[in-house]
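Quick notes on the structure that follows.
What follows draws every value from the coordinates through simple rules; no lab data is involved. Predicted model only: the values in this text are computed from it and were never measured. Because the Cβ atoms are built from the backbone with ideal geometry, glycine has one as well, and the counts that use them run over all protein chains shown.
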Amino acid sequence: MAKKSVAGTVADPAVRFATLKIGEKEYKLAFDFNAIAEAERVCGVNLLAGGLTFNPPPSANQFRGLFYAALSVADPEVTVEAAGRLITFQSLGPITRALMDAYGVSMPEPASDPTKATPAAES
């Protein structure tokens, strides 16, 4: 019987997460390309066009989509509606900071010599 892989899940030691606390609950946020692509499909918006600079601010749909994408890496069962229900005027700032943190820790370490950078190994 084949082993079940933890690749790309919350149990994957290669995935780095940012933590967000809303009320008494903690959420793990991370970005990968598949999560962003799936969030785009579900939300119907181009999340790469909004980027993570928040300047100009993303639309409500883009913000919710980014948050959904970041949540979905640790919780593949989360829905875009559930992500949206967590967004309030009080949680907007903490969510924005957590999204920025998640984006930052999700980026690979830069190569010391960019001319010798190697593509990531395929799984």
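A few comments on the model shown:
- Percent RCO, i.e. relative contact order, over segment 22-108, from Cα pairs under 8 Å lying at least 6 residues apart: 39 percent
- For Phe63, Phe89, order by how many other beta-carbon atoms lie within 10 Å, fewest first: Phe89, Phe63
- Annotation: extensible slack from Glu81 through Arg41 equals 13.0 nm (criterion: 0.36 nm per residue apart, minus Cα-Cα distance).
- Neighbourhood charge, 15 Å Cβ-Cβ cut-off, centred on Gly44 and excluding it, Lys, Arg +1 and Asp, Glu -1: -1
- Neighbourhood net charge (12 Å Cβ-Cβ; Lys/Arg +1, Asp/Glu -1) for Thr19: +3
- Neighbour-count order for Ile22, Ile36, fewest beta carbons within 10 angstrom listed first: Ile22, Ile36
- Paramagnetic label zone (point 7 Å from Cα along Cα-to-C-beta, Phe33; backbone N under 14 Å) in segment 44-86: 48
- Tensor-based shape of segment 22-108 (alpha-carbon gyration tensor, a/c under 1.5 rounded, otherwise prolate or oblate): rounded
- Take the Cα of Ile22, step 7 Å toward its Cβ, do the same at Val105, and the gap between the two points is 1.8 nm.
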